[in-house]
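Novice: If you scroll down you'll find the structure; I have some questions about it.
Nothing in this text is a laboratory measurement; each read-out follows from the coordinates by a stated rule. In this text, all values refer to a predicted model and were calculated from it rather than measured experimentally. Cβ placement follows ideal geometry from the backbone for every residue including glycine, while neighbour counts extend to all protein chains displayed.
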Amino acid sequence: MGKNAGERAILREEKRLAKEKKRQIEQANKMLIPVSKKTNQSLGIISFDPEGTLRLQNNRWLRVFEATEDTLCQMAKASIKLSGRMRITMHMSEMSGRATCHISLMETGEIYEEVRQDFKKDEDVLRCICNMKQLSVDEIMSEIAANFLLDIRFSYASYVRGNKDWEKECFAKVTENTSFFISGRNYGESFITLSLPTKARAGLVTKLKKLGCEIFLGVDMNALSVEEQSDFNRNLEKKYNQRLSGGDTDDYVNGSVMLVIICDSDDARKIVKQTVSSILEGHDLMPASAYGMQGLVYHSLLGFGIKDAKVMRNVNVNVLEAMFGGEDDENA
């Protein structure tokens, strides 16, 4: 049966309203600079503020900051106060000497002015803990290129004018195998963690650093809403048949831990894989090769989250704090 005139009129009105809403959103974001169609398709970027904000598909917005490692424990703790998602990306590299630490802040929203307020609130929380330097769009893309060992000086003005594909210019090409990838002359492997520890254990980052090979570690943190926290606590009480004391309830967040190793041969990759897996398992993380996501995780970690990849699990913030060098449960 076809739709009657009334139903057709309602559908037409819904379409008109959706179109009008889209027009209003674009009008509200008109101060942002649009990227080329190629960049939109390859990286999901829609437009950007040159000072350092990227507008991505699915109402996602991104800013990237340089940070210092000595404050990461406190920042993990502060993640429960943030409205957006935070990713800490650590590049450990004793060989090349290019060790870096970056914070990606991701907010959700439709209109830049509103999203800008969310960014400001979250940045205020984090700036109380450490000195963060916000990267401009040129600096973000230049840093990403450097992660992929590409020697370019990114300039948004010339790349927009030249209709360039930012992925092609700043991200290394990758050939995926089921459980590893090849990029240029390098052999690498991407890992996700299927489960996160329930008890805090310090020293993970320190042990990974001592390996002396190229490692990128990405830890995502997203605060649970009041409802989620309440549901989670209720489920814990049900599972263990025990009341959680009101004041002493631990704080939980959605957390994701991913890791990429990069080696100069396939044999080296296999050796490093065994060592890294052993270290992660020793800290009660359950690592798994990112089957079907090798290239995505590689590009997501080295690209500061422009391409999104995550495997979120509920985790106690003390666990994440200890991971970055905080105290473990026994000493807390």
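Novice: Above 16 angstrom, tally the Cα pairs of the range 1-63 and express them as a % of all pairs, no decimals.
Specialist: Working: 1151 of 1953 pairs.
Summing the P(r) of the range 1-63 above 16 Å gives 59 percent of all pairs.
Novice: Could you check the simple spin-label distance between GLU26 and ASP151, using points 7 Å along Cα→Cβ, in nm with one decimal?
Specialist: Going by the 7 Å Cα→Cβ label model, 4.2 nm.
Novice: Right, here's the next one. May I ask for the Rg/Rh ratio of the range 1-113, computed from Cα atoms with Rh as the Kirkwood radius, given to two decimals?
Specialist: 1.18
Novice: While we're here: Contact order normalised by length for the chain, with contacts defined as Cα pairs under 8 Å and 6 or more residues apart; what percent is it?
Specialist: 23
Novice: Further question on the same structure: Percent relative contact order of the range 23-78, based on C-alpha pairs within less than 8 angstrom and at least six residues apart?
Specialist: Taking the mean separation of contacting Cα pairs over the length of the range 23-78, I get 19 percent.
Novice: Taking the range 122-161 on its own, what percent of its Cα-Cα pair distances exceed 11 Å?
Specialist: Details: 527 of 780 pairs.
Roughly 68 percent, rounded to a whole number.
Novice: How large is the convex hull of the C-alpha atoms of the chain per residue, in Å³? Provide the component values of the computation, followed by the final result.
Specialist: Details: hull volume 63.9 nm³, N = 332.
Taking the convex hull of the Cα positions in the chain, it is 192 Å³ per residue.
Novice: Under the Karplus relation 6.51 cos²θ - 1.76 cosθ + 1.60, θ = phi - 60°, what is the ordered set of whole-Hz ³J(HN,Hα) values for the range 49-55, x standing for Gly and Pro?
Specialist: 9, x, 5, x, 10, 10, 9
Novice: Continuing with this model, one more query. Counting each DSSP H run of 4 or more residues in the chain as -39500 (n - 2.57), what helix-only mean residue ellipticity at 222 nm follows after dividing by all residues, to the nearest 500 deg cm²/dmol?
Specialist: Result for the chain, helices only: -12000 deg cm²/dmol.
Novice: Still on this structure, I have one more. Length gain on complete extension for the stretch ASN59 to ARG98, per 0.36 nm per residue less the alpha carbon to alpha carbon distance?
Specialist: This chain segment gains 10.7 nm when fully extended.
Novice: Could you check the simple spin-label distance between MET286 and LYS168, using points 7 Å along Cα→Cβ, in nm with one decimal?
Specialist: So the two model labels end up 4.3 nm from each other.
Novice: Which trypsin sites (Lys or Arg not before Pro) in the range 35-122 sit in a loop by DSSP (not H, G, I, E or B) and have at most 16 other Cβ atoms within 10 Å of their own Cβ?
Specialist: ARG98
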